[in-house]
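The values are calculated or read from the model by the stated rules, or taken from the named source; none is laboratory data. Quantities reported herein were computed from a predicted structural model and do not represent experimental measurements. Here Cβ is always computed from backbone atoms with ideal geometry, including for glycine, and neighbour counts include all displayed protein chains. These accessible areas exclude ligands, DNA and RNA; they are computed on the full protein's heavy atoms, side chains included. Shrake-Rupley method; radii C 1.70, N 1.55, O 1.52, S 1.80 Å.
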Amino acid sequence: EHDSCRARRDIALKITDMSAPGLPETVLGIASPLTPTGLNVRVYTHRIREAALRHNRPYASVLSYAIAHEIGHVLLRSNAHDKWGLMSSVWTEREYAQMADAGVMFFTGNQSKRMLMSLRMACSVRS
């Protein structure tokens, strides 16, 4: 049976101030896209608050994009990142500018297709 078939099919999200020790300060959250049980998304409010202040963006905006990014990993069934955009490993001025200028950052067309394929993937029913 494929790992993604054993993975949670829902989102178990925790918004917390406690981040894992040793994570770089640019890490706003983590995802465990193939975990069968427990949390598969965590976002760190203190890091999100710091990033929002550093880039002069509303906290709620950065929080929502961080949540979308981590849920994206779960829907993509992957911890892979892109070079830029919502699914980049580290958001730069480019991504924070997108948040301000357009007010939105999207998943790419390819990412959206992969998410749909993942959601539609037929996994054998466990007995």
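In region 16-63, if the dipole is taken from +1 on Lys/Arg beta carbons and -1 on Asp/Glu beta carbons about the Cα centre, which of A20, T37, L53 is farthest to the positive end?
Farthest towards the positive pole: L53.
Ignoring ligands, DNA and RNA, what percent of the accessible area of region 2-54 is carbon or sulfur (1.4 Å)? Could you put the intermediate results ahead of the total?
Numbers: 1700 of 2970 Å².
Carbon-and-sulfur percentage of accessible area, whole number: 57.
Per residue, how many Å² of accessible area does the chain show with a 1.4 Å probe?
Per residue, the chain has an accessible area of 59 Å².
With the dipole of the chain worked out from charges on the C-beta (+1 for Lys and Arg, -1 for Asp and Glu) around the Cα centre, which of M117, V90, S64 lies farthest toward the positive end?
Checking the options against the dipole of the chain, the answer is M117.
From the helices alone, meaning DSSP H stretches of at least four residues, give me the mean residue ellipticity at 222 nm for the chain, per-run term -39500 (n - 2.57), in deg cm²/dmol to the nearest 500.
Values: 5 runs with 53 residues, N = 127.
Mean residue ellipticity at 222 nm (helix-derived): -12500 deg cm²/dmol.
For S4 paired with D17, estimate the spin-label separation in nm (one decimal), with each label point 7 Å from Cα along the Cα-to-Cβ line.
Calculated label separation equals 3.8 nm.
Calculate the spin-label point distance for E25 paired with A80, positioning each point 7 Å from the Cα along the beta-carbon direction, and give it in nanometres.
3.2 nm
Please state the charge dipole magnitude for the chain, taken about the Cα centre, from unit charges on C-beta atoms (+1 on K and R, -1 on D and E), reported in debye and rounded to the nearest 20. Numbers along the way, then the final one.
Values: 16 positive and 11 negative charges, 77 e Å.
In total the dipole reaches around 380 debye.
What angle, in degrees between 0 and 90 and rounded to the nearest 10, separates the Cα long axis of helix 109-120 from the longest principal axis of the Cα atoms of the chain?
Around 40 degrees separate the two axes.
Quantify, in whole percent, the carbon and sulfur part of the accessible surface of region 61-119 (1.4 Å probe; protein heavy atoms only).
Numbers: 1860 of 3080 Å².
Ligands and nucleic acids excluded, carbon and sulfur give 60 percent.
Please report the base-10 log of the normalised intensity I(q)/I(0) for region 54-127, using a Debye sum with one equal scatterer per alpha carbon and no solvent, at each q in 0.21, 0.23, 0.25 (1/Å).
-0.92, -1.05, -1.19
Within 14 Å, Cβ to Cβ, of D101, how many net charges do the neighbouring residues add up to if Lys/Arg are +1 and Asp/Glu are -1? Each step should come with its number before you reach the end.
Working: positive: R57, R94; negative: E93, E95.
Neighbourhood net charge equals 0.
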